[in-house]
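Here the structure comes first, spelled out in structure tokens, and everything after it is commentary.
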Amino acid sequence: MDSTRQQKISRLIQKELSEMFLMQTKLTKGLMVTVSGVKISSDLGIASIYLSIFPSEKGEETVRNINSNVKEIRYDLGQRVRYQLRIIPELRFFLDNTLDYMAHIDELLKK
């Protein structure tokens, strides 16, 4: 069970990263990155960020690219939330496949 502090920090990180990815994806045509969830550890040191990427074929490649640039993303996030957070957590990005899974279940139910 997450504490109130963890929930607030998760929402803050999700909001700020969503805005950052929105600005970045405006520059690249045909790609949409959505932050579907953020889970933060109990010591507030590690944030696991789940990304939903459209089109899903580019998902793995995009997450690899984001993970290779995690230092720059963390720095930019730190600049945005420097007055709300004292320590910026370590960021770990994962692909969220729930939409693909739901579409697959939907197909199976239609058969």
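Just so you know, all these numbers are worked out from the coordinates, no wet-lab data involved. Quantities reported herein were computed from a predicted structural model and do not represent experimental measurements. Here the Cβ is made from the backbone with ideal geometry for all residues, glycine too, and neighbour counts use every protein chain on show.
Computed from phi, the 3J(HN,Hα) profile of segment 97-111 under the Karplus parametrisation 6.51, -1.76, 1.60 (θ = phi - 60°) reads 9, 5, 5, 5, 5, 5, 5, 5, 4, 4, 4, 5, 6, 6, 6 Hz, with x in place of Gly and Pro.
In the chain, helices alone account for a calculated mean residue ellipticity at 222 nm of -17000 deg cm²/dmol, with every DSSP H run of four or more residues adding -39,500 (n - 2.57). Bridge orientation summary for the chain: considering DSSP beta bridges with both residues in this region, about 55 percent are antiparallel.
Note that segment 79-91 has calculated 3J(HN,Hα) couplings of 5, 6, 10, 5, 8, 9, 10, 7, 10, 8, x, 5, 9 Hz, one per residue in order, obtained from phi through the Karplus relation 6.51 cos²θ - 1.76 cosθ + 1.60 (θ = phi - 60°); glycine and proline are x.
All alpha carbon pair distances within the chain were sorted into 10 Å bins beginning at 0; the resulting P(r) in whole percents reads 13, 44, 29, 12, 2, 0.
Taking Cα centre as origin and charging only the Cβ of basic (Lys, Arg, +1) and acidic (Asp, Glu, -1) residues, the dipole magnitude of segment 4-110 rounds to 580 debye.
When you filter the trypsin sites (Lys or Arg not before Pro) in segment 39-103 for DSSP loop state and at most 13 other Cβ atoms inside 10 Å of their Cβ, you are left with Arg82, Arg86. Relative contact order of segment 4-110: 26 percent, from C-alpha pairs under 8 Å at least 6 residues apart in sequence. Among the chymotrypsin sites (Phe, Trp or Tyr not before Pro) in segment 66-111, those placed in a DSSP loop whose Cβ has at most 10 other Cβ atoms within 10 Å are Tyr83.
Pairs exceeding 19 Å between alpha-carbon atoms, taken from Lys26/Lys71; Lys8/Lys39; Lys26/Lys58: Lys26/Lys71.
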